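Presented below is the structure to which this report refers.
The values are calculated or read from the model by the stated rules, or taken from the named source; none is laboratory data. None of the values given here were measured: they were computed from a predicted structure. We place every Cβ from the backbone using ideal geometry, glycine too, and count neighbours over all the protein chains shown.
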Amino acid sequence: MKADAVRGHLDGLLLAVLEPGPLHGYAIITSVMNRSGGALELRTGTIYPALKRLERLGLLASNWEAVGQRRRRRCYRLTDAGRRSLAGERADWRAFTAAIGAVLNPGSPA
């Protein structure tokens, strides 16, 4: 799938995969890929700046977790504000897909 298809929806995708619980960066990428049936492959250069931005906005919180004795990884989780934002993203997505569907499939039931 084209990278442009994700543009404008990245925040919603990241918030949605974090809804069940905290994940580290690679697990977020894997979750998006798995949940999309392999259609969406996000790159680290795409998600990490977005995760940092969402954290600055107060939609995510993060902490460092130890992996073994020498490695650490940052795990991200939704905040209450992030859950509210996700609800808004979902409402916006439903409205968007309904509008596009009405143009692409005129006469189809909504």
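Structural remarks
- Of the residues making up segment 41-86, those that are surrounded by 12 or more Cβ atoms within 10 Å (Cβ to Cβ) and aromatic (F, W, Y) are Y48, Y76.
For (1) more than 15 Å from E89 (Cβ to Cβ); (2) of a type outside the set (A, V, I, L, M, F, W, C), each residue gets a yes or a no:
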position: L10; (1), (2): no, no
position: L13; (1), (2): no, no
position: G21; (1), (2): yes, yes
position: G25; (1), (2): yes, yes
position: M33; (1), (2): yes, no
position: A39; (1), (2): yes, no
position: G45; (1), (2): yes, yes
position: P49; (1), (2): yes, yes
position: A66; (1), (2): yes, no
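- Criterion violated by S31 - all others in (1) at pLDDT below 95; (2) surrounded by 13 or more Cβ atoms within 10 Å (Cβ to Cβ); (3) of a type outside the set (V, I, T) satisfied: (1)
- Which numbered condition E19 fails, given (1) surrounded by 14 or more Cβ atoms within 10 Å (Cβ to Cβ); (2) touching a strand residue (DSSP E or B) at 6+ places or on another chain (Cβ under 8 Å): (1)
- Residues of segment 53-94 that are of a type in the set (K, R) and either part of a loop (DSSP other than H, G, I, E, B) or within 14 Å of I28 (Cα to Cα) (or both): R70, R73, R74, R77.
- A50 being touching a helix residue (DSSP H, G or I) at 6+ places or on another chain (Cβ under 6 Å), assigned to a helix (DSSP H, G or I) and of a type in the set (A, V, I, L, M): yes
- Taking segment 57-87 as the range and being among the basic types (K, R) and within 20 Å of the chain's Cα centre (by Cα) as the test, the residues that pass are R73, R74, R77, R83, R84.
- Segment 88-104, residues that are more than 16 Å from V6 (Cα to Cα), loosely packed, with under 11 Cβ neighbours inside 10 Å and either among the basic types (K, R) or under 17 Å from the mean Cα position of the chain (by Cα) (or both): A91
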